[in-house]
Amino acid sequence: MLCQSGAATKGEQTMQEFYDGITVDVLARTLWGEARGEGAEGMKAVANVILNRAVVAQKKGKFWWGNDIIQICQKPYQFSCWNRSDPNFRKLQSVDEKDLYFATALRVARRALAGVIDDVTGGATHYHASSIVPYWAKGKTPSFVIGAHKFYNLVEV
């Protein structure tokens with residue numbers, strides 16, 4: 001039980017610990033939904049994009065795609081796995097750590113939020129599957145390519 005001050009009683013989480021746990025979960029679900037077919041390295045690259053977006057938002061004071069990891073991951077039409085029409089959406093809600101890809105996504109998410117993964121994307125703030133070319137990628141050169149994903153650094157900080 002939390003005291004009025006927000007401090008946890010012995011053996012219980014603080015509000016910050018609770019929020020941090022939700023942040024790890026949302027990030028891991030995003031990594032699983034977007035890049036489970038790319039393995040840990042692909043998940044790290046997608047985590048880099050999300051973290052880079054958070055840095056942009058922090059440096060600019062706020063940004064249209066959200067100001068924290070949860071807002072960034074769940075911004076409509078930014079990470080397709082969160083779109084209700086996406087086939088991954090229902091799977092995303094029920095996957096747990098018994099799924100080896102999700103267990104990997106949880107590890108990557110924890111490491112990313114702890115700041116211990118390198119940014120292999122060159123500061124990328126966008127990416128897409130190689131099978132499509134979104135309007136914003138036309139004429140742009142990827143900063144990084146891994147598997148079936150191309151990454152771009154499209155926002156100046």
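Restricting to Cα pairs below 8 Å that are 6+ residues apart, what does the relative contact order work out to for the range 15-119? Please round to a whole percent. Let's see the in-between values first.
Working: 119 pairs, mean separation 37.6, N = 105.
Answer for the range 15-119 is 36 percent.
Sort 60, 138, 75 by Cβ crowding within 10 Å, fewest neighbours at the top.
Details: 60 12, 138 7, 75 15.
Least to most surrounded, the residues fall as 138, 60, 75.
For residue 89, what is the net charge nearby, where nearby means another residue's Cβ is under 13 Å from its Cβ and Lys, Arg count +1, Asp, Glu -1?
Details: positive: 29, 84, 90, 91; negative: 34, 86.
Net charge around residue 89: +2.
Hey, which lysines would be in cross-link range of residue 138, C-alpha to C-alpha under 26 Å, not counting anything within fewer than 8 residues on its own chain?
44, 60, 75, 150
Express the C-alpha Rg of the chain as a ratio against the empirical globular expectation 2.2 N^0.38 Å, rounded to two decimals.
For the chain, the normalised Cα radius of gyration comes out at 1.09.
Please list, short to long, the whole-number percent of alpha-carbon pairs of the range 74-142 in consecutive 10 angstrom bins beginning at zero.
Spelled out bin by bin, the range 74-142 gives 16, 35, 40, 9, 0 percent.
So how far, in whole Å, is the C-alpha centre of the range 76-97 from the one of the range 125-157?
Using only Cα atoms to place each centre, the spacing works out to 21 Å.
Report the one residue of 92, 21, 134 whose Cα lies farthest in the direction of the positive end of the charge dipole of the chain (charges on C-beta: Lys and Arg +1, Asp and Glu -1; origin at the Cα centre).
It is 134.
List, in order, the whole-Hz ³J(HN,Hα) value for each residue of the range 30-36 obtained from phi through the Karplus relation with A = 6.51, B = -1.76, C = 1.60 and θ = phi - 60°; use x for Gly and Pro.
3J(HN,Hα) across the range 30-36, in whole Hz: 5, 4, 5, x, 8, 9, 4.
Where a number appears in this text, it was derived from the coordinates with a stated rule and is not lab data. Given the structure is predicted, the values throughout are model-derived calculations rather than measurements. Counting neighbours? That spans all protein chains shown, and the Cβs are built from the backbone with ideal geometry, glycine included.
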